[in-house]
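Right, one structure below, let's go through it.
The values are calculated or read from the model by the stated rules, or taken from the named source; none is laboratory data. As the structure is a computational prediction, the values presented were derived from the model and not from experiment. Here Cβ is always computed from backbone atoms with ideal geometry, including for glycine, and neighbour counts include all displayed protein chains. Ligands, DNA and RNA are excluded from the accessible area calculation, which covers all protein heavy atoms including side chains. Shrake-Rupley method; radii C 1.70, N 1.55, O 1.52, S 1.80 Å.
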Amino acid sequence: MDYFNYIDNKLWCEEVPVDEVADELGTPFYLYSHRTLTRHFRVFEEAFADIPHITCFSVKSNSNTAILRIFINEGGGADVVSGGELYRALKAGVDPEKVVYSGVGKRTDEIEYALRSGILMFNVESSQELEAINDCAGRMGKKAGISLRINPNVDPMTHPHISTGLKENKFGIDIERSLDEYRQAKKLDHVDIIGIDCHIGSQITEISPFVDALGRLKKLIYLLREEGIGIKYLDLGGGLGITYDQETPPHPQEYARAIIDASKDIECTFIFEPGRVIVGNAGILVSRVLYTKSSDDKNFVIVDAGMNDLIRPSLYDSYHHIQPVILKDRESFLADVVGPICESGDFLAKGRKIPRLNNGELVAVMSAGAYGFTMASNYNSRPKVPEVLVKDDRYYVIREREDYSDLIRGEEIPAFLYESAEL
Ligand SMILES: *Cc1c(COP(=O)(O)O)cnc(C)c1O
C-alpha cells in the first residue's frame, strides 16, 4: 500500500503531480511519500503492540535526517552500522537509549563516540570486538551495554549477496561458539550483557527463516539464564521483504503474529531493525529519457539516472518496476533501460517489456526508497541527485542537488604541481 497513484493518466505522489516536481527541480531526483512512510512505520509498530518492543529503523536503508525524523516522531529508535549513521540519527533527534549499533568492523573512535552518546547497546560480532569495547568503556569509566550477534546458520532464501545468517557469511558469532563467548563476556568488567541479537538477511519473503532463527536464539536464552546471564533484549534484526515485482512477502501483521506466537514464554523486550519494509515502497526515482536507440534486435532507452544513483539492478540484479509518468495509448517493446555511466553494468532494467518511451519523457523507477540514495556515489563525477519529501499537496527538498563544486570539495592540488615542469 503506497500513495503513488495515477489520476487522469498522470502519476501523483499523494496530492502532488510528479511531472510538476520534475519541471521545477529538474531530473533525476528521489521522491518520498510522507503518508506512505508514516503508514508503513505504524503498521509495523502496531503489529507488535502486544509485546514490549523497540522499533529501531535501519538507518542504512535510508539515512536522510528528515526521513529519520519521521520515525523518531513515531517513537522509533535507530539501528546504526557506523559512526556516521549514529551522527545522523542523533542530529535527527533520536533518543540514544533507543539506538543499537551493529556491524562487523566498529573502529575504536566509533565505539568511543557511541559510548559518549549513551546508546542502548552494541551488537557485538566477534570476541576481539568485545575486548575492544570493554577496553574503550574501561578507559572512559563507563559500562557498555552489549548483546552478541549470533549467526544462527539459517537460510533466509534470498539473494546470496544479502543473506547474512549463514555459516559462510562474515556476520555474527557462530551459534555453537556463542555460549562460550557469553561466558567470556561475563568475565569482563566494563560490559553489561543485556541482549542477544541476530539479523539473517534482507528481502526475506518467507516467515519460516525468522521463526527458525528465533527458535535457536530462544534455546540459547534458556541456557544463558541457567548460568545466571540474564537477557533483557532480544533483537531479531530486520530483513522483511517487499514486493518489487511478483514477490509475495508476509504482511508485517503475519510476521508479527508468528514471532509473538513463537516467543510466548520468553520475557524479553524485543528489538526490530526494519529498513526496506518501511521505506522501500515509499520512494521512487524520477528520471527523464535522454535518447532512444535501436541496433539490430536491441532497443535501448537511455535515461538521465544511472547506476551511481541507483545501483541495486547492477549490484544484485534487482528488479525495479519502470513506468512512464504520463500514461497514454502506446504499444510496448522490449528494451534495456540504461544510464549515462560508462559501464556496461549501468542499467536499470534489462530486456524488459515496457511501454514505448520517447526522448524527453519522464519515467518513474518504483520501489526505490530503500538502498537507493544511500548507495549513491559520485562515479563519473555526477553530482548526487536531490531527495524530495511530499506531504499532502506540498513538497519539500530534504537534500538539495549537489553541484560541481561539491564534487571537488576537500581536494587540493599541491603547489609543486603548479611549478614549471623540470626536465
Ligand atoms: C541492513 C540491516 C538491517 C535492515 O535490513 P532490511 O532488510 O532493510 O530490513 C537490519 N539490521 C542489520 C544489522 C542490518 O545490517
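A few points about this structure:
- Flag for Val390 being modelled with pLDDT of 95 or more and outside any strand (DSSP E or B): no
- Restricted to segment 224-307, the set of strands (runs of 3 or more DSSP E) holding at least 1 residues that are crowded, with 19+ Cβ neighbours inside 10 Å and more than 16 Å from the ligand (Cβ to nearest atom) comprises 283-295, 298-303.
Rundown of residues vs (1) in the same structural domain as Asp346 (by TED's automatic domain parsing); (2) within 22 Å of Glu14 (Cβ to Cβ); (3) not aliphatic (A, V, I, L, M), yes/no style:
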| residue | (1), (2), (3) |
| --- | --- |
| Ile259 | no, no, no |
| Thr269 | no, no, yes |
| Leu285 | yes, yes, no |
| Lys293 | yes, no, yes |
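- Each residue in segment 323-369 was checked for being among the acidic types (Asp, Glu) and either part of a strand (DSSP E or B) or surrounded by fewer than 17 Cβ atoms within 10 Å (Cβ to Cβ) (or both), and 4 pass.
- Pairing residues of segment 332-352 that are of a type in the set (Val, Ile, Thr) and at pLDDT 95 or above with residues that are open to solvent by 60 Å² or more (accessible area, probe 1.4 Å) and not in a strand (DSSP E or B), at Cβ distances under 8 Å and at least 6 apart in sequence or on separate chains, gives Ile341/Tyr379; Ile341/Asn380.
- Number of the condition not met by Glu181 [criteria: (1) open to solvent by 20 Å² or more (accessible area, probe 1.4 Å); (2) over 27 Å from the mean Cα position of the chain (by Cα)]: (1)
For every residue, the table says whether it meets (1) over 22 Å from Ser202 (Cβ atoms); (2) away from the ligand (no atom under 16 Å from the Cβ); (3) not hydrophobic (A, V, I, L, M, F, W, C).
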residue: Asp2; (1), (2), (3): no, yes, yes
residue: Thr27; (1), (2), (3): yes, yes, yes
residue: Leu37; (1), (2), (3): no, no, no
residue: Phe44; (1), (2), (3): no, no, no
residue: Ala47; (1), (2), (3): no, no, no
residue: Lys60; (1), (2), (3): no, no, yes
residue: Asn64; (1), (2), (3): no, no, yes
residue: Val81; (1), (2), (3): no, no, no
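- The one condition in (1) open to solvent by 10 Å² or more (accessible area, probe 1.4 Å); (2) closer than 22 Å to Ile266 by Cβ; (3) touching a Gly at 6+ places or on another chain (Cβ under 8 Å) that Ile200 fails to fulfil: (1)
- Contact map, segment 195-210: residues that are within 10 Å of the ligand (Cβ to nearest atom) paired with residues that are among the β-branched types (Val, Ile, Thr) and at pLDDT 95 or above, Cβ distance under 6 Å, separation 6+ or inter-chain. Pairs shown: Cys198/Ile150.
- Here the strands (runs of 3 or more DSSP E) wholly within segment 1-105 that include at least 2 residues being open to solvent by 10 Å² or more (accessible area, probe 1.4 Å) are 4-7, 10-13, 53-58.
- Filtered residues of segment 106-124 (kept if within 16 Å of the ligand (Cβ to nearest atom) and assigned to a loop (DSSP other than H, G, I, E, B)): Lys106, Ile119, Leu120
- Here Leu310 does not fit the description of being of a type outside the set (Gly, Ala, Ser) and closer than 24 Å to Ser295 by Cβ.
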